[in-house]
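One structure below.
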Amino acid sequence: MSDKEFILTQDGLKKLEDELENLKSVKRREVAERIKVAIGYGDISENSEYEDAKNEQAFIEGRVITLEKMLRNARIINSDEIDTDAVSIGATVIVEDLEFGDTMEYTIVGTAESDPSQNKISNESPVGKAILGKQKGTVVDVNVPAGVIQYKILEIKR
């Protein structure tokens, strides 16, 4: 069984590497210290501090495994690979909502890197799927839970 490929920009790669390093070098030590202190309280069978620390330790180890897998299976998109003739992963796209006239700027990224609050949308999101591969001036229909939204692609840049 092959592992899923994770598409990342250089920024996304750095962010995941930094998170992994922090978990391994800082968070693991903090949790180990919490466990040590909690054990010092005596009977661990009814010790909530111990239980909380063990749960956090399990979460951290699970996240470390996930991040290592993502990094192992990462495909990095370099800025010189980004096509400005058609929307591709890594491109920044300015679109206009044809119903309301609003313009939005999105950067198309892989799912591991998506962050809608930063206008980084996944290539697998409804908007990402609809505009991927399309050219400047194209009008696309985006199927969203509220219905269909029409966007016109105004600009594609790196």
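Taking all protein chains as present, what is the carbon and sulfur share of the accessible area of the chain, in % to the nearest whole number, probe 1.4 Å?
So the carbon and sulfur contribution to the accessible surface is 48 percent.
Along the charge dipole of the range 51-158, which of THR107, PHE59, VAL144 sits closest to the positive end, that is, farthest toward it, with unit charges on the beta carbon of Lys, Arg, Asp and Glu (+1, +1, -1, -1)?
Checked the options; the winner is THR107.
Cross-link candidates for LYS15: which aspartates and glutamates have Cα within less than 14 Å, leaving aside residues fewer than 8 places away along the same chain?
Cross-link targets: GLU68, GLU113, ASP115.
Let me know the number of lysine pairs in the range 16-158 closer than 25 Å at the Cα, not counting same-chain pairs under 8 apart.
Lysine pairs satisfying the spacing and distance rule in the range 16-158 number 21.
Sorting check: for 148-154, 112-118, which peptide has the highest mean count of neighbouring beta carbons within 10 Å, and how do the rest follow? It would help to have the intermediate numbers written out before the result.
Details: 148-154: 16.6, 112-118: 14.9.
Highest mean packing first, the order is 148-154, 112-118.
I need the chymotrypsin sites (Phe, Trp or Tyr not before Pro) found in the range 52-148, filtered to DSSP loop residues with at most 11 other beta carbons within 10 Å of theirs. Walk me through the numbers on the way to the answer.
On the way: sites: PHE59, PHE100, TYR106; in loops: PHE100.
Passing sites in the range 52-148 are PHE100.
Using the per-residue mean of other Cβ atoms lying within 10 Å as a proxy for protection, in what order, highest first, do the peptides 8-15, 63-70 fall?
Output ranking for 8-15, 63-70: 8-15, 63-70.
Tell me, in nm to one decimal, what length is gained between GLU61 and ASP115 on full extension, where the rule is 0.36 nm per residue of separation less the Cα-Cα distance? Present the calculation step by step, with values, prior to reporting the outcome.
Details: separation 54, 0.36 × 54 = 19.44 nm, distance 2.31 nm.
In short, 17.1 nm is gained.
Whole angstrom only: what separates the Cα centroid of the range 43-118 from the Cα centroid of the range 129-158?
21 Å
Looking at the chain, send over the antiparallel percent of its DSSP beta bridges, to the nearest 5.
In the chain, DSSP labels about 75 percent of beta bridges as antiparallel.
As I understand it, the dipole of the chain uses +1 on the Cβ of Lys and Arg and -1 on the Cβ of Asp and Glu, about the Cα centre. Which of TYR41, ALA74, THR92 lies farthest toward its positive end?
Of the candidates, ALA74 comes out farthest on the positive side.
Stretch ASP80-ILE39 to full length: gain in nm at 0.36 nm per residue minus the Cα-Cα span?
My answer for the length gained is 9.4 nm.
So what is log10(I(q)/I(0)) for the chain at q = 0.09, 0.11, 0.15, 0.19 1/Å, when the Debye sum runs over its Cα atoms only?
-0.45, -0.59, -0.83, -1.08
Packing-wise, with mean Cβ within 10 Å as the measure, how do 72-80, 132-140 rank, highest first?
132-140, 72-80
Per residue, how much accessible area does the chain have with a 1.4 Å probe, in Å²?
Result: 62 Å² of accessible area for each residue.
The values are calculated or read from the model by the stated rules, or taken from the named source; none is laboratory data. Being a predicted model, the structure only gives us computed values, none of them experimental. Cβ atoms come from the backbone with ideal geometry, glycine included; neighbour counts cover every protein chain shown. Protein only, heavy atoms only, side chains kept; ligands, DNA and RNA dropped before computing areas. Shrake-Rupley method; radii C 1.70, N 1.55, O 1.52, S 1.80 Å.
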